[in-house]
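Input: a single structure, listed below in structure tokens.
The values are calculated or read from the model by the stated rules, or taken from the named source; none is laboratory data. Since this is a predicted model, take the numbers as computed values, not measurements. Positions of Cβ are backbone-derived with ideal geometry, glycine not excepted, and every protein chain shown enters the neighbour counts. For accessibility, only protein heavy atoms count, side chains too; no ligands or nucleic acids. Shrake-Rupley method; radii C 1.70, N 1.55, O 1.52, S 1.80 Å.
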Amino acid sequence: MKELKPYTKKYTNADFYHDGVFDEAVAKKAFLDMFEHYGVPFTPFLEQNFWVADFGLGDFEHVGMGGVFWINNPEYRYFGHEIYLLPSQMIVEHYHVASPDYPAKHESWQVRSGSVYNFGIGDPTPNPPALPESQRDYITVSNFHVMQVGDISALKQLESRHFLMAGENGAIVTEYGTYHDNAGLRFTNPRAKL
């Protein structure tokens with residue numbers, strides 16, 4: 001995808017919640033706006049398989065994501081996923097452990113549009129971005145690096161905690177990984193869920 005100009009449209013929680021209920025249609029519309037800006041074709045496969053999540057936390061403006069699993073093959077244990085993040089939106093901190101049927105997931109990320117802060121284990125990095133206040137007590141990793149279009153990075157260690165947070169122009173990130181087994185997914189925030 002060709003990077004043209006920054007995506008700057010900003011939504012707030014007032015757009016995404018009505019009477020305290022997450023409005024997935026509005027969240028999907030926000031991503032469709034970003035897709036149009038970045039030239040992402042909304043194919044029939046994407047239309048049928050595209051999902052959004054606020055992780056049950058009620059703060060989609062700051063903590064949430066959109067995504068599509070292009071492939072998630074349990075037999076050969078490989079996975080292709082697109083991650084969609086609105087400006088400054090964070091995926092809740094999480095990690096992957098072995099489940100009864102599959103080893104712990106390993107993953108790598110490639111930025112296609114926008115930018116991300118890639119947080120993981122390691123010594124704290126100076127001058128972090130402003131992180132969502134709703135997650136202040138549930139972020140345990142403070143090492144990060146900024147990824148721009150074309151950059152590729154991998155999980156530093158199996159079962160280590162990590163998260164991505166979009167820069168101010170949102171982000172589209174391709175994830176390559178081993179089979180994603182929800183039974184092995186864990187969140188640092190005990191209230192978070194899919």
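Once the chymotrypsin sites (Phe, Trp or Tyr not before Pro) in DSSP loops with at most 15 neighbouring Cβ atoms within 10 Å are cut out of the chain, the longest remaining piece is 77-194. Taking the protein heavy atoms of the chain in the context of the full set of protein chains, the accessible area attributed to carbon and sulfur is 52 percent at 1.4 Å. Against the set (1) 60, 50, 30; (2) 39, 39, 36; (3) 51, 35, 32, the structure's computed Cα extents along the principal axes in Å falls on (2). Here the spin labels are modelled as points 7 Å beyond Cα on the Cα-Cβ line, and at Ala98 and Thr43 they lie 3.5 nm apart. Other residues whose C-beta falls under 14 angstrom from the C-beta of Thr43 contribute a net charge of -3, scoring Lys and Arg +1 and Asp and Glu -1.
Are there trypsin sites (Lys or Arg not before Pro) in the range 40-141 that DSSP puts in a loop and that have at most 15 other Cβ atoms within 10 Å, and which ones?
When the trypsin sites (Lys or Arg not before Pro) of the range 40-141 are filtered for loop state and at most 15 Cβ neighbours within 10 Å, Arg77 remain.
Past 22 Å, Cα to Cα: identify those pairs from Lys105/Lys156; Lys29/Lys105; Lys10/Lys156; Lys156/Lys193, in the order given.
As for pairs spanning more than 22 Å Cα to Cα, those are Lys29/Lys105; Lys10/Lys156; Lys156/Lys193.
The Cβ shell under 12 Å around Gly122 holds other residues with a net charge of +1, Lys and Arg each +1, Asp and Glu each -1. With a Förster radius of 22 Å applied to the beta-carbon distance between Lys9 and Asp137, the computed FRET efficiency rounds to 0.15.
Just to confirm, what accessible area per residue do you get for the range 13-69 at 1.4 Å probe, in whole Å²? Display every interim value, and only then the final one.
On the way: 2620 Å² over 57 residues.
Heavy-atom accessible area per residue stands at 46 Å².
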